[in-house]
Amino acid sequence: MRNHRKILVVLSLVLALAGIPAVAAAQPNATATPNGPLALVYRGPASCSGCPESVAVMLRNSPSHFRTEYVGPNDTPITAATLARASVFAQPGGPSLSKAWKAMKPYSGVIRDWIRNGGSYLGFCVGGYLAGATPGYNLLPGDTSQYSAKPGATVWDTQPHRSTVVWRGQEKTTYFQDPPAFDLEPGHNATVLATYKGGEVAALAVDFGKGRVGVTGPHVEADASWFVDDGLSAQDAVHLDLAYDLVETTVNRGAGPSTVAAPTTTTTVPVPTPVPAELPLPAPTVTTAPAPAPVEMPAPVATPAPVVTAPPTTAAPPVATTPPVTTTPPAPQRPPLPWPLNKIAEDPFFGQFLLGAAPTAQPAARPGS
């Protein structure tokens, strides 16, 4: 949605004071681009002041160089015959969805049939809301919702803001004013051009019958004057190339820059496939690894045998040590003496005179000494 712009109003007042008719301030209903395809741009109560003009300028400057014609209650009537002359119907930003739908509901049937039969629809902000179903033209594989009400929204009110979307993988600052989020059903066939920072869809293009629908929540058609009018900085925020991308992807049915990037990603998939095909070939060489197993066969297990031979040689010497103890007893044997001679013989002095006593046989000391 878009605030009413004040420049045209002030210019009309100046021209009126100068005596020039106010209608001179308004852009003509049709442009003088003779060779381009015709784009119908809605102008009326479902749009805001200045919004249709910005869309028309962008379409004329796009790569397709459209001729533009305004349609609405004060311009060319919206009829099946009018739509049959055109290739594009553009719905610019405007007031609230309820007010916009009230103004566009009488034309919804003829617009929807024209798109189904091959026409292209472009919706900007409120035009994106109107592409949904509750309420709207019901042109999407899903519905629309209020982005500012989402939990991760970067704007939380209906005032103009600078905010960021991710357009084809690149962050771009654009003009926001209560934009829609596009809630697509699973398995949809839409081409998602942009998402909000929270991941919600911000811009897309999708087939509808034989026709095509392209919608955006942010005002990518906004020029620098939009920011200046609302006290915002236009630095790094004017991206008409994004608007051209939306237009060409919609009108050319995906023949725009978006389809160039898509095939390149698919070609990278077959590249890894030949690599694993060659990997099994070196695998048989790994089977030779069991060869080191025989290394454990010649382990020195037989070497403990020599250890058994050493103990038998040392067992012989201990046997020879016992005989020397038995050599001393047999020498000094003497017959026992009768009593009391045996007692007298125990005395060293008298024992030496007794028959058969050997003086050297007695110990030098007595027991107990």
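Can you tell me which residue in segment 183-221 is nearest to C51 (Cα to Cα), limited to those that are charged (D, E, K, R) and at pLDDT 95 or above?
So the residue we want is E221.
Report, by residue number, each residue of segment 15-47 that is touching a Lys or Arg at 6+ places or on another chain (Cβ under 6 Å) and either at pLDDT 95 or above or basic (K, R) (or both).
Of everything in segment 15-47, just one residue is touching a Lys or Arg at 6+ places or on another chain (Cβ under 6 Å) and either at pLDDT 95 or above or basic (K, R) (or both), namely L38.
Taking segment 177-206, which residues are more than 17 Å from L122 (Cα to Cα), assigned to a strand (DSSP E or B) and in contact with a Gly (Cβ under 8 Å, 6 or more places away or on another chain)?
D183, L184, Y196
Go through segment 144-171 and count every residue that is assigned to a strand (DSSP E or B) and surrounded by fewer than 18 Cβ atoms within 10 Å (Cβ to Cβ). Don't jump to the end; show me each part of the working.
Keep residues of segment 144-171 that are assigned to a strand (DSSP E or B), which gives 144-146, 161-167, 170-171.
Of the ones still in play, those that are also surrounded by fewer than 18 Cβ atoms within 10 Å (Cβ to Cβ) are 145-146, 164, 166, 170-171.
Final tally of qualifying residues: 6.
Filter segment 65-78 down to the residues that are in contact with a helix residue (DSSP H, G or I) (Cβ under 7 Å, 6 or more places away or on another chain) and either open to solvent by 30 Å² or more (accessible area, probe 1.4 Å) or at positive phi (or both) and list them by number.
Across segment 65-78, there are no qualifying residues.
When segment 212-237 is examined, which residues are found to be open to solvent by 10 Å² or more (accessible area, probe 1.4 Å) and more than 28 Å from the chain's Cα centre (by Cα)?
Our first condition is that a residue be open to solvent by 10 Å² or more (accessible area, probe 1.4 Å); within segment 212-237, this holds for 212, 223-225, 228-236.
Listed by number, the residues that qualify are R212, D223, A224, S225, V228, D229, D230, G231, L232, S233, A234, Q235.
Within segment 107-115, does at least one residue satisfy the condition of being open to solvent by 20 Å² or more (accessible area, probe 1.4 Å) and small (G, A, S)? Outline the logic, then answer.
First, pick out the residues of segment 107-115 that are open to solvent by 20 Å² or more (accessible area, probe 1.4 Å): 107-110, 112-114.
Going one step further and asking which of them are small (G, A, S), we end up with 108-109.
There is at least one residue in segment 107-115 that is open to solvent by 20 Å² or more (accessible area, probe 1.4 Å) and small (G, A, S).
The values are calculated or read from the model by the stated rules, or taken from the named source; none is laboratory data. In this text, all values refer to a predicted model and were calculated from it rather than measured experimentally. Positions of Cβ are generated from backbone atoms using ideal geometry, with glycine treated the same way; all protein chains shown enter the neighbour counts. Please note that ligands, DNA and RNA were not included when accessible areas were found on the heavy atoms of the full protein model with its side chains. Shrake-Rupley method; radii C 1.70, N 1.55, O 1.52, S 1.80 Å.
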